[in-house]
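Undergrad: First, the structure itself, so that you have it in front of you.
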Amino acid sequence: MDPISSSSSSSLRWNILRQALLRRSDSQSEAEIKQISRKATQGFNLIPFQMVNSSLESNNSREACVCYTIPVYGSPKLYLTQRVDNCSDLNDFEISNRYNIDNTGLVCQWPSEEVLAYFCKSQPERFRGKRVIELGSGYGFAGLVIAAATEASQVVISDGNPQVVNYIKRNIESNSMAFGNTSVKAMELHWNQQELSELTNSFDIIVASDCTFFKEFHKHLSSIIKVLLKAKEPSEALFFSPKRGDSLDKFLKEIKDIGLHYVLTENYDAQVWKCHEKLVKGDDSWPNYDKNHCYPLLIQITNHS
């Protein structure tokens, strides 16, 4: 099948934008070509945060240090270095093209990642003593929360974008005192990697958020889930994703076709659901909130029905 015909219109627009930026003429102003305007997505305000100045971070005008306060008594604060708004540049898109990856991990902390982190910190017993990997993690917020608040034995925080992985490494180092006995590491992981022998059937739990939007990645994503999950012991993948038209449905079909099983849950946490209902009724904190595009459903994926 022609890959173009199977791509979603949104994915095509993203690819066209990347290519167009790479083809722009040198005569255009440096400011115009290096800075791409974008608006960060709103969130559910489940985990308090504030911008801080920290000596732990480099003096870089493109970056900011954000302090997150995990709403669990006795939990440490987490300090994440992130890109500030309106600081994507041409190099970001060149790297995306080179590695055939999207650039969304650098854009902002996405709402589904916040929900994933909140859900995981609320269920520490689910993760205690378990080997966990986060896929498509962006800055690694959910993985860091799991490492700091659940007593997991190991947390691997992965992404396919080498720029993003560099941020993850820095964020792990900045918060190294927060993880107790939990082993935490960053990994550059592409979902179509062929050689994964050291990772095969080795994880109790996979977590991911907003990783089902690009339909052209569905087959590789479903395949790597099956490869990473333990096959002879109970294991699960916890995905949080909005429906986004038919993208989630198509991903779930791939999950079923590859022999995995899933349970889809709409109301999985009382506080998240309360926030969702408030936003559906209309709230100035998130203008134009749309259930289909904004509210993440919980998908629990297992090797066994």
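The values are calculated or read from the model by the stated rules, or taken from the named source; none is laboratory data. In this text, all values refer to a predicted model and were calculated from it rather than measured experimentally. Every residue, glycine as well, gets a Cβ built from its backbone with ideal geometry; the counts of neighbours run over all protein chains shown. For the accessible areas, the whole protein counts, side chains as well, though only heavy atoms, and no ligand, DNA or RNA atoms are used. Shrake-Rupley method; radii C 1.70, N 1.55, O 1.52, S 1.80 Å.
Undergrad: Filter segment 176-195 for residues that are assigned to a loop (DSSP other than H, G, I, E, B) and touching a helix residue (DSSP H, G or I) at 6+ places or on another chain (Cβ under 6 Å) and give the result.
TA: 179, 182, 191, 192 - these are the residues of segment 176-195 that are assigned to a loop (DSSP other than H, G, I, E, B) and touching a helix residue (DSSP H, G or I) at 6+ places or on another chain (Cβ under 6 Å).
Undergrad: A follow-up question, please. Does residue 144 fit the bill of being of a type outside the set (Phe, Trp, Tyr), in contact with a strand residue (DSSP E or B) (Cβ under 7 Å, 6 or more places away or on another chain), at pLDDT 95 or above and in a helix (DSSP H, G or I)?
TA: Spelling it out, residue 144 is indeed of a type outside the set (Phe, Trp, Tyr), in contact with a strand residue (DSSP E or B) (Cβ under 7 Å, 6 or more places away or on another chain), at pLDDT 95 or above and in a helix (DSSP H, G or I).
Undergrad: Yes or no: residue 67 closer than 20 Å to residue 149 by Cβ, over 17 Å from the mean Cα position of the chain (by Cα) and either in a loop (DSSP other than H, G, I, E, B) or at pLDDT 55 or above (or both)?
TA: yes
Undergrad: Now, a different point. Which ones in segment 160-204 are closer than 16 Å to residue 131 by Cα, under 15 Å from the mean Cα position of the chain (by Cα) and buried (at least 22 other Cβ atoms within 10 Å of the Cβ)?
TA: Of everything in segment 160-204, just one residue is closer than 16 Å to residue 131 by Cα, under 15 Å from the mean Cα position of the chain (by Cα) and buried (at least 22 other Cβ atoms within 10 Å of the Cβ), namely 186.
Undergrad: Sticking with this one: Among the residues that make up segment 279-301, is at least one of them polar (S, T, N, Q), over 17 Å from residue 114 (Cα atoms) and free of Cβ contacts under 8 Å to residues at least 24 places away in the same chain?
TA: Yes, the conditions are met somewhere in segment 279-301.
Undergrad: Go through the residues of segment 275-293 one by one and say whether even a single one is in contact with an Asp or Glu (Cβ under 8 Å, 6 or more places away or on another chain) and under 15 Å from residue 111 (Cα atoms).
TA: yes
Undergrad: Of the numbered conditions (1) free of Cβ contacts under 8 Å to residues at least 40 places away in the same chain; (2) outside any helix (DSSP H, G or I); (3) under 19 Å from residue 113 (Cβ atoms); (4) open to solvent by 30 Å² or more (accessible area, probe 1.4 Å), residue 213 satisfies every one except a single condition; which is it?
TA: Among (1) free of Cβ contacts under 8 Å to residues at least 40 places away in the same chain; (2) outside any helix (DSSP H, G or I); (3) under 19 Å from residue 113 (Cβ atoms); (4) open to solvent by 30 Å² or more (accessible area, probe 1.4 Å), residue 213 violates only (1).
Matching residues to (1) crowded, with 21+ Cβ neighbours inside 10 Å; (2) at pLDDT below 95:
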| position | (1), (2) |
| --- | --- |
| 73 | no, yes |
| 93 | no, yes |
| 101 | yes, yes |
| 104 | no, yes |
| 119 | yes, no |
| 127 | yes, no |
